[in-house]
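Everything below concerns the one structure shown next.
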Amino acid sequence: MTDTSIARRGGGSASAPAGRPRRSHRPPKKASGLNPKYIPYVLLVPGILVIGALLLYPMFQAFVISFQKVGIPQIRDVNPRPAEWLGWENYTKVFENDIFWSSLRNTLGFAAVTVSLTLIVGTAVGVLLNQLSKRMSTFLIIGIMFAWAVPPVAQGVIWRWLFDAEAGIINWALNLLPDFLSNALFGRADWTGQPWTNEAFSILLILVVTVLWSSFPFVAVSVLAGLKGIPGELYEAARVDGSGSWRTFWKITFPLLKPVFAVLTILSIIWDFKVFPQLYTLMNGPTNREAFNLSMFSYAEAFRSPPKMGSGAAIAVILTIILLVVTSFYIRQMVKSEDVQ
Amino acid sequence: MTTVPAYKNVDRPRQDQLNRMRKVAKYRAKGRRIALNSVAVMVFVVAMFPVYWMVSTAFKTNDQIFTTEFIPFPTSFTFEHLDRVLSEGVAGNSIWLYLRNSAIVALGTVAVGAVFSLLAATAVARFRFKGRTSFLIALLVVQMIPAEALLIPLFLSVKRLGLYDQLLGLIVINVGLTLPFGIWMLRTFVASVPKSLEEAAWIDGASRMTAFWKVLFPLVAPGLVATSIFSFITAWNELIFALIIMSDSSGYTMPVALQFFFGQRGTDWGAIMASSTLMTIPVVVFFLLVQRRMVSGLVAGAVKG
């Protein structure tokens with residue numbers, strides 16, 4: 001870190017490198033007359049501009065808007081009015097709204113259930129992949145790759161079709177259950193016409209299945225990659241010492257894969273907290289308020305008439321804060337291992 | 001000392017026992033393999049069935065679609081749904097138009113994103129400079145920002161800049177959404193190319209530029225392809241910004257257009273499945289192409305940092 005002179009000198013002398021002693025292994029400078037000190041900054045300019053203009057500054061703006069009143073009069077094309085400063089009013093109103101609390105509950109509950117199911121199923125499939133022969137594991141990887149590759153909107157469409165009230169395959173399968181069993185479990189025998197996408201709870205149920213189906217492959221393949229990195233001698237030693245497979249998993253596999261699991265957990269949390277396209281498709285837009293998660297609630301507040309952008313922004317800010325708190329541990333961890341290399 | 005002679009006598013029975021144990025172990029291993037393979041087939045079926053069901057519904061006639069019976073194969077194989085979505089389409093335009101819009105947005109995003117992320121990844125992987133760590137932390141943190149938080153300010157800016165209802169506006173936004181992860185993923189690919197290769201080129205008299213293009217770039221290219229495909233898929237699948245920025249139906253992308261199949265008078269499942277299939281094909285092809293590299297990029301980018 002000797003390049004502290006940049007701030008003082010600015011870019012002024014960048015093109016005048018003559019006479020300065022050169023270190024021997026530096027490339028000749030004739031092609032680009034740029035002092036090597038400034039090269040990384042020049043390379044970073046487009047990236048920093050994009051991230052600043054499209055992510056950081058809008059985030060700041062969202063924060064500001066969450067304290068303002070921004071509706072039709074402010075966003076209309078002709079003669080827009082300036083935004084009105086409200087202070088904390090958007091937030092207090094949001095906190096008084098029942099839909100906010102049900103959205104928050106849905107977001108947290110959905111994430112908790114889906115993240116744990118995804119990790120369990122994904123790890124099980126990853127361990128399975130590791131035990132299979134080469135041909136069999138390639139076959140299975142290609143199969144689960146299909147589930148992973150389906151675009152989120154198409155996922156929503158597919159599962160909506162599988163759970164269709166009249167012609168859905170799920171209702172057909174439930175009708176196959178023997179009547180007494182179906183009656184004992186669910187209190188009904190005939191499932192034809194069961195409108196799964198009408199009620200909040202069953203919408204969220206379908207959402208869990210959809211997201212689980214599409215996201216366990218990533219966990220499985222990552223766990224497989226991690227398992228491949230564990231030396232086989234460890235397992236041999238465990239077997240010689242008489243350790244069973246369950247014990248081997250918890251004593252050897254799990255501790256060694258901990259970093260992988262940490263990352264997978266965090267990534268899954270980030271993804272499942274803001275699941276939007278699947279939910280939007282499943283309920284055909286922001287229709288059923290009880291099934292909203294925070295993303296959908298923010299979208300509905302800001303873009304359904306009458307648009308309340310301020311309150312939508314407040315919800316988005318709350319969601320961001322929750323996400324940052326949940327993931328701050330991970331970021332700290334990454335930064336610690338990061339800044340040396 | 002009395003145990004030593006005893007060992008001599010056990011010699012033969014031990015051999016027998018060993019053989020028997022080997023046999024049992026062999027059977028057990030075989031049983032285990034069969035069990036594992038059948039579980040694998042089951043997982044395969046569960047993962048594949050919804051995709052298969054989408055494709056098979058797209059090729060069934062309506063009386064095979066709208067039935068409470070289970071018809072595993074489209075015995076009444078038909079292209080009518082595919083024909084219909086390509087000619088009539090939905091919301092007043094052929095599905096071709098929406099596929100084209102999606103392709104323009106995704107390719108535009110990739111074209112800009114690939115250049116920007118390669119430059120930035122080279123900077124953080126090849127140079128030690130002041131502010132490097134802060135930049136890396138910023139990259140991580142901005143990935144936590146939910147798109148919903150950016151939705152409102154970006155919507156207002158897009159309107160102000162006259163990019164509303166323009167594919168260009170969507171491209172710009174998608175570049176912003178995909179760039180942090182692109183840089184993050186690509187820098188591991190750049191870092192994995194030994195620096196000594198470039199230094200050797202410098203010693204041979206190559207300039208930095210030449211060394212970059214002739215040495216580093218060819219070696220990073222596969223990683224750049226993987227990163228670009230990741231951005232392509234993200235932009236191709238993006239729904240929420242396309243919903244709010246494109247108001248005219250001729251500018252819809254596929255994810256938005258698919259929403260319009262759900263009508264008041266029942267849903268045309270054959271048509272929507274045909275369209276979803278068309279939307280899914282490019283993504284699946286890309287996935288299978290870069291499958292291995294993408295996983296290593298995702299995990300390395302995430303795990304090792």
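Read-outs: derived from the displayed coordinates by stated rules, not from any lab. Treat the numbers as computed from the prediction; the structure is a model and nothing was measured. Using ideal geometry, Cβ is built from the backbone for each residue, glycine included, and neighbour counts are taken over all protein chains shown.
Give me A:322, A:72 sorted ascending by neighbouring Cβ count inside 10 Å, so fewest comes first.
Numbers: A:322 17, A:72 13.
Result, fewest neighbours first: A:72, A:322.
Give, in whole angstrom and from largest to smallest, the semi-axes √(5λ) of the equivalent ellipsoid of the protein assembly as shown, with λ running over the eigenvalues of the Cα gyration tensor.
Working: eigenvalues 370, 326, 116 Å².
Semi-axes (√(5λ), whole Å): 43, 40, 24.
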- How many percent of Cα pairs in chain B exceed 23 Å? 70 percent
- Message: At 24 angstrom or more along the helix axis (alpha-carbon based) and mean Kyte-Doolittle of -1.0 or higher, what helices does chain B contain? Whole DSSP H runs only.
- Response: B:3-58, B:95-126, B:167-191, B:217-237, B:269-299
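Quick check: convex hull of the Cα atoms in region B:75-120, volume per residue, rounded to a whole Å³? Don't skip to the answer; put the middle values down first.
Numbers: hull volume 4.3 nm³, N = 46.
Cα convex hull per residue, to the nearest whole number: 94 Å³.
Can you show me the helix-derived [θ] at 222 nm for the protein assembly as shown, built from DSSP H runs with n ≥ 4 at -39,500 (n - 2.57) apiece and divided by the number of residues, rounded to the nearest 500. Walk me through the numbers on the way to the answer.
Working: 30 runs with 449 residues, N = 646.
Calculated at 222 nm, the ellipticity per residue is -22500 deg cm²/dmol.
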- Message: Just want the answer: with Cβ charges of +1 for Lys and Arg and -1 for Asp and Glu, which residue in A:300, A:130, A:112 is farthest toward the dipole's positive end in chain A?
- Response: A:130
- At what distance in angstrom do the alpha carbon centres of region A:227-244 and region A:267-291 lie from each other? 42 Å
- Query: What is the magnitude of the charge dipole of region A:99-304 about its Cα centre, with +1 placed on the Cβ of each Lys and Arg, -1 on the Cβ of each Asp and Glu, and no other charges, expressed in debye to the nearest 20?
  - Reply: 540 debye
- Query: Applying 1/(1 + (r/R0)^6) with R0 = 45 Å to the Cβ-Cβ distance of residue A:333 and residue B:75, what FRET efficiency is obtained, to the nearest 0.05?
  - Reply: 0.20
- Task: Mark the label point 7 Å from the Cα of residue B:192 along Cα→Cβ and return the residues of region B:124-149 whose backbone N is within less than 17 Å of it.
- Result: B:125-126
- What whole number of Å gives the distance from the Cα centroid of region B:193-240 to the Cα centroid of region A:138-197? 45 Å
- Message: Suppose a student asked you for the relative contact order of region A:99-304, using Cα pairs under 8 Å spaced at least 6 residues apart; what percent would you report?
- Response: 39 percent
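Which of A:271, A:213 has the fewest other C-beta atoms within 10 Å, and how do the rest follow up to the most? Don't skip to the answer; put the middle values down first.
Details: A:271 17, A:213 23.
Starting with the residue having the fewest Cβ neighbours, the order is A:271, A:213.
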- Note on the structure: Restricting to Cα pairs under 8 Å and 6 or more apart, the percent relative contact order of region A:69-185 works out to 8 percent
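Given a cut-off of 23 Å, name the pairs among A:134/B:195; A:37/B:195; A:93/A:308 whose C-alpha atoms lie farther apart than that in the structure shown. Can you show the working numbers first?
Values: A:134/B:195 35 Å; A:37/B:195 17 Å; A:93/A:308 12 Å.
Those over the limit are A:134/B:195.
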- Alpha carbon centre of region A:305-322 versus region A:61-105: separation in Å? 7 Å
- Would you mind getting me the FRET efficiency between residue A:305 and residue B:130? Use the beta-carbon distance for r and R0 = 35 Å, nearest 0.05. 0.10
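Using r as the Cβ-Cβ distance of residue B:214 and residue B:61, and R0 as 60 Å, what FRET efficiency do you calculate, to the nearest 0.05?
Calculated value: 0.55.
Once the piece of chain linking residue B:204 and residue B:46 is laid out straight, how much longer is it, given 0.36 nm per residue of separation minus the C-alpha distance between them?
Numbers: separation 158, 0.36 × 158 = 56.88 nm, distance 5.71 nm.
Full-extension gain reported as 51.2 nm.
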- Item | Relative contact order, percent, chain B [alpha-carbon distance under 8 Å, six or more residues apart] | 28 percent
- Message: Would any residue of region B:236-250 have its amide N under 16 Å from a label point 7 Å out along Cα→Cβ of residue B:96? List them or say none.
- Response: B:250
- Tell me, rounded to the nearest percent, the portion of alpha carbon pairs in chain A spaced more than 32 Å apart. 54 percent
